[in-house]
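Step one of this worksheet: look at the structure below.
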Amino acid sequence: MQEEIIMAGFGGQGVMSIGQLLAYSGMTEGLNVSWMPSYGPEMRGGTANCTVIVSDSKIASPLTSKPDSVIVMNLPSQDKFSPKVKEGGLIVTNSSLIDKEVEREDVEVIKVQANKIANELGNTKVANMIMLGAYLAKREMISLETVKKSLTSVLPERHHGLIPLNEEALERGFELVKDSVSV
């Protein structure tokens, strides 16, 4: 098993955080992982993406040109990365901010109203966790419980007060996909 994922959005949307969280969780479960960040010229507000590879065998390269999955938080990221997904792959798209359809029929697309749900939870900054939860429900390579437990190790201590909210956001995204509710 090897899964190559690109997570992308504007700086400040938490794509690096969910990438680190997924990589750390995979490592906790005894898998081989790599995490490769990439920032645009600006940090907050500029483009940001990271590549995470999770495998039960050695990883030859931390880079991917044809990911199995992408999680996209904004339209520029969808436009850039959705054409690169392997045939039969997965695209998780933030339909709160992206109203353009993915123009491919050979991949599975999951639309998640991440910002809307995050607003309902009281903090738009957890939209990234909702997206990660939705992804985890579809790709069952790492358990949701491991990801939730890893929050204390990955999030800075100053944000530990937000761990219950992050756990709730992960669960909401996970349940949306697991329960096959229209997202």
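For the stretch 124-146, how many residues are assigned to a loop (DSSP other than H, G, I, E, B) and within 13 Å of GLU168 (Cβ to Cβ)?
Pass one, the stretch 124-146, residues assigned to a loop (DSSP other than H, G, I, E, B): 139-143.
Next, from what is left, pick out any that are within 13 Å of GLU168 (Cβ to Cβ): none.
Looking only at that region, the number is 0.
Here ASN128 meets each of (1) out of contact with any helix residue (DSSP H, G or I) (no Cβ under 6 Å at 6 or more places or on another chain); (2) buried (at least 18 other Cβ atoms within 10 Å of the Cβ); (3) of a type outside the set (Lys, Arg) with one exception, condition (1). Contact annotation: residue pairs with Cβ atoms under 6 Å, 6 or more positions apart or on different chains, pairing a residue in the stretch 1-21 that is assigned to a loop (DSSP other than H, G, I, E, B) with a partner that is at pLDDT below 95 and not aliphatic (A, V, I, L, M), are MET1/ASP56; GLY11/ARG44; GLY11/GLY45; GLY11/GLY46; GLY12/ARG44. With the structure loaded, tell me whether LYS149 is over 14 Å from the mean Cα position of the chain (by Cα), part of a helix (DSSP H, G or I) and either more than 19 Å from MET7 (Cβ to Cβ) or modelled with pLDDT under 95 (or both) or whether it fails that test. It is true that LYS149 is over 14 Å from the mean Cα position of the chain (by Cα), part of a helix (DSSP H, G or I) and either more than 19 Å from MET7 (Cβ to Cβ) or modelled with pLDDT under 95 (or both).
Based on this model, can you work out whether MET141 counts as aliphatic (A, V, I, L, M) and out of contact with any Asp or Glu (no Cβ under 9 Å at 6 or more places or on another chain)? No. Selection over the stretch 92-113 of residues that are hydrophobic (A, V, I, L, M, F, W, C) and closer than 22 Å to TYR39 by Cβ gives a count of 3. Screening ILE130 against (1) free of Cβ contacts under 8 Å to residues at least 40 places away in the same chain; (2) in contact with a Lys or Arg (Cβ under 9 Å, 6 or more places away or on another chain) leaves a single unmet condition, (1). Taking residues in the stretch 161-176 that are over 18 Å from ILE71 (Cβ atoms) and of a type in the set (Phe, Trp, Tyr), and partners anywhere that are modelled with pLDDT under 95 and assigned to a helix (DSSP H, G or I), not one pair has Cβ atoms closer than 9 Å while being at least 6 places apart or on different chains.
Residues in the stretch 79-104 that are closer than 24 Å to VAL126 by Cα and free of Cβ contacts under 8 Å to residues at least 40 places away in the same chain: ASP79, SER82, ILE91, THR93, SER96, LEU97, ILE98, ASP99, LYS100, GLU101, VAL102.
Restricted to the stretch 138-183, and to residues that are more than 19 Å from ALA23 (Cα to Cα) and of a type in the set (Ser, Thr, Tyr), which residue is surrounded by the most Cβ atoms within 10 Å (Cβ to Cβ)? Filtering first and then ranking leaves SER180. When the stretch 67-83 is filtered for residues that are more than 16 Å from the chain's Cα centre (by Cα) and at pLDDT 95 or above, only PRO83 remains.
Can you spot a residue in the stretch 92-108 that is under 17 Å from GLY26 (Cβ atoms) and modelled with pLDDT of 95 or more?
Going residue by residue through the stretch 92-108, those that are under 17 Å from GLY26 (Cβ atoms) are none.
No - not one qualifying residue is present in the stretch 92-108.
Can you tell me which residues in the stretch 155-176 are of a type in the set (A, V, I, L, M), within 16 Å of GLN13 (Cα to Cα) and within 15 Å of the chain's Cα centre (by Cα)? Once the filter is applied, which keeps residues that are of a type in the set (A, V, I, L, M), within 16 Å of GLN13 (Cα to Cα) and within 15 Å of the chain's Cα centre (by Cα), the stretch 155-176 yields ALA169, LEU170. Scanning the stretch 24-35 for residues that are surrounded by fewer than 24 Cβ atoms within 10 Å (Cβ to Cβ) and within 14 Å of the chain's Cα centre (by Cα) yields a total of 2.
For the stretch 94-128, taking the residues that are more than 22 Å from SER82 (Cα to Cα) and of a type in the set (A, V, I, L, M), the one that is farthest from the chain's Cα centre (by Cα) is identified as LEU121.
The values are calculated or read from the model by the stated rules, or taken from the named source; none is laboratory data. Computed from a predicted structure; not experimentally measured. Note: ideal-geometry Cβ built from the backbone for every residue, glycine included; neighbour counts use all protein chains shown.
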